[in-house]
Every structure is written in structure tokens, then in C-alpha cells.
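Since the structure comes first, as C-alpha cells, the remarks are kept for the end.
The values are calculated or read from the model by the stated rules, or taken from the named source; none is laboratory data. In this text, all values refer to a predicted model and were calculated from it rather than measured experimentally. Cβ atoms come from the backbone with ideal geometry, glycine included; neighbour counts cover every protein chain shown. Protein only, heavy atoms only, side chains kept; ligands, DNA and RNA dropped before computing areas. Shrake-Rupley method; radii C 1.70, N 1.55, O 1.52, S 1.80 Å.
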Amino acid sequence: MYAYLHSDSGWGHSNAGVVVSGGETLLVDTQYTLPMTRQLIAALEMAGLPPVATLVTTHANGDHCWGNGLFPAADIVASAATASAMPHDFPPATMRRLLSEELAATAAGRYTRQHFADFDFDGIVVVPPTSTFTGVQERAVGGRTVVLIEVGPAHSDGDVIVHVPDAGLVFAGDILFSDHPVMWAGPLQNWISACDRILQTGATRIVPGHGPVVGPQGVRDFRGYLELVSSELRQRFDAGVPYWIAATELPLGPYEDLALRERLVATAAVEYHHLGAAKIPPPEVLERMGQAYIDASRN
Ligand SMILES: [Zn+2]
């Protein structure tokens, strides 16, 4: 088992995982860009691993699957919901537009530049899965069993976690973050259930989509964050507080020091929709999130 980890847990720096057995390699997630994915491939080669026969895409966000095109021989597996979402998930052309001069004066443009300007989106072709599933699927890798468990919609529409029972390990994809998470699909209650599903496996090591490897307590702490945010947002929704103000003012208790607090704006917009508010168009959410970041940097 290997985990490919970044020291930077922020936007676009996602972890990958590897299961090796009997001359076969299964890879969990690629990287955001082609150069970053080539670095991942070089690391696999350096470790002397067999070629990747199976590639699991945990969800449709680009930082987990835009390197898929560099694995032309692999069977690419994802949930059916992820396969449907992949072509529409902030495609490379949208990222280029957000980084363009045209939007440079907007809060969304400024925020995107701050967090995404260093990524090279050239040459990316969003490559869909070759196999899809719903629910639970067991896969054999050499002599080992790997269990793919669909837990979405939670962070995104089609989240999958990868459980390796004989190693007591779960690759959690973006069901687990070390910073403030961002919720694109929700509701938060589904995400809380996804955390419970990780805990039910009894795994002792859990590899998040972003951040360092944790044990079960790390999952319980993160679940506590989701519970807190769920309850605080509901109170503010019921009181008629706008989502972007709710996101900025809600008390975070033990989670006050987590990075990327502005992500709560996007999470709140989605959770409010589940509570009955109109769906907020992504450009508006991004603008509000960028503004929250700019306001917080001023203080
Ligand atoms: Zn991610």
C-alpha cells in the first residue's frame, strides 16, 4: 500500500493511493494537471511498481481525475454518478476563463488567481471511466480484495471510498479533508453518513483527499465539524440569514483555526438549497466566496 501525499493540502493538491498485489497495481485518483500526474507516474516507477491496470476515480473534481488521459491502458472505474458529472465539473476552459484578464477585477477572478494561477491546465482531456457501478463493488488486485463503496452524493455527486480490508485502510477521496471542506452536492447529512461508513469498516488508517493520513479519531473529528456546521446553518436558514453571512459568522469552536474558511460559503449555498432555498448559480457562489476571502484578508 502506498499513499501519495502533498505537503500543501489546499485547492488542487489531492492525494492519490496505490494498492499492489501479485504483480498488479490499482491506483486511486490521478492529479490535477498533466505535469503533476507525470510526477506521480515517475514516483510509481521509482518505487518499482507494476503498470497500473486499474484506476479508480473517487469523484469528478479535476484535481482527482484530470490526469486520467495518461493511463490509456488502465480500466478506469468510477460511480455512474461521477461519470455523468465529469464533463461538467469546472472544465479546463472554465478555469482558463476564471484566470483570464476579463474577470481579473471580480472577487471570483481574484480568488481564482490567488489559488489556481500556478496550475498548468494545458493539454487536459477529461477522460471518462471505462467501467461504472452503483452501490458496492469488489475488485481483485492480485490476491487482494479491494472494496469500492459509493457514499455520494456528499462532497460531490458520485463520491466513492476505497476500502482495503486486509490492510485496515480506506482511501477516502474528498469525504475527508484536513482544511475546511467544500460541499458541491450534499446535503451535509449524507456527508455525515459517509463518515459513518468509513468508521464502520473498522479501518485504522484513513487517507484523505487532502491532508495527512489519520486514524478513526480524525474521521470522528471531521464528522463533528459537519454536525456543527449542519446545525448552525439550519438555525440561520430558519432565521432568514443569507447563506454567505451565515457562512462568515457561524461559530466554529474547536475548528476555528482550519484553513480556507471561505469554502463555507459554497457549502452553505448548497446546504441552503437542500433546506428549501433556490439553487444558487455557481458564478454567484464563487463571487461570494471570493469576497469572503478578500474581506477576511483585510481583517
Ligand atoms: Zn479534491
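Within the range 223-243, can you find the residues that are free of Cβ contacts under 8 Å to residues at least 12 places away in the same chain and part of a helix (DSSP H, G or I)? Explain how you work it out, then say what you get.
First pass over the range 223-243, keeping only residues free of Cβ contacts under 8 Å to residues at least 12 places away in the same chain: 231, 235, 238-242.
Across the range 223-243, the qualifying residues are SER231, GLN235, ASP238.
For HIS13, the conditions (1) under 17 Å from the mean Cα position of the chain (by Cα); (2) farther than 24 Å from ASP159 by Cβ; (3) crowded, with 18+ Cβ neighbours inside 10 Å are fulfilled apart from (2). Selection over the range 5-50 of residues that are assigned to a loop (DSSP other than H, G, I, E, B) and within 16 Å of the ligand (Cβ to nearest atom) gives a count of 16. Number of residues in the range 244-257 that are out of contact with any Ser or Thr (no Cβ under 8 Å at 6 or more places or on another chain) and either among the aliphatic types (A, V, I, L, M) or touching a residue at least 24 places away in the same chain (Cβ under 8 Å) (or both) equals 9.
So, of the residues in the range 199-222 that are assigned to a helix (DSSP H, G or I), touching a Leu at 6+ places or on another chain (Cβ under 8 Å) and away from the ligand (no atom under 16 Å from the Cβ), which turns out to be least open to solvent (accessible area, probe 1.4 Å)? Taking the candidates together, the pick is VAL219.
The one condition from (1) touching a residue at least 40 places away in the same chain (Cβ under 8 Å); (2) more than 12 Å from the ligand (Cβ to nearest atom); (3) of a type in the set (D, E, K, R) that ASP179 does not meet is (2). Applying the set (1) more than 15 Å from the chain's Cα centre (by Cα); (2) more than 19 Å from GLY10 (Cβ to Cβ); (3) open to solvent by 10 Å² or more (accessible area, probe 1.4 Å) to GLN39 leaves exactly one unmet item: (2). Per the conditions (1) away from the ligand (no atom under 13 Å from the Cβ); (2) open to solvent by 20 Å² or more (accessible area, probe 1.4 Å); (3) not aromatic (Phe, Trp, Tyr), the sole criterion not satisfied by ALA78 is (2).
Per the listing ALA292, ALA278, the residue uniquely assigned to a helix (DSSP H, G or I), modelled with pLDDT of 95 or more and hydrophobic (A, V, I, L, M, F, W, C) is ALA292.
Yes/no per residue for (1) aliphatic (A, V, I, L, M); (2) open to solvent by 60 Å² or more (accessible area, probe 1.4 Å):
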| residue | (1), (2) |
| --- | --- |
| TYR225 | no, no |
| LEU233 | yes, no |
| PRO254 | no, yes |
| LEU258 | yes, no |
| ALA266 | yes, no |
| GLU271 | no, no |
| PRO281 | no, yes |
| GLU287 | no, yes |
| SER297 | no, yes |
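Determine if the range 165-172 includes at least one residue that is under 30 Å from GLN291 (Cβ atoms) and either at pLDDT 95 or above or among the aromatic types (Phe, Trp, Tyr) (or both).
no
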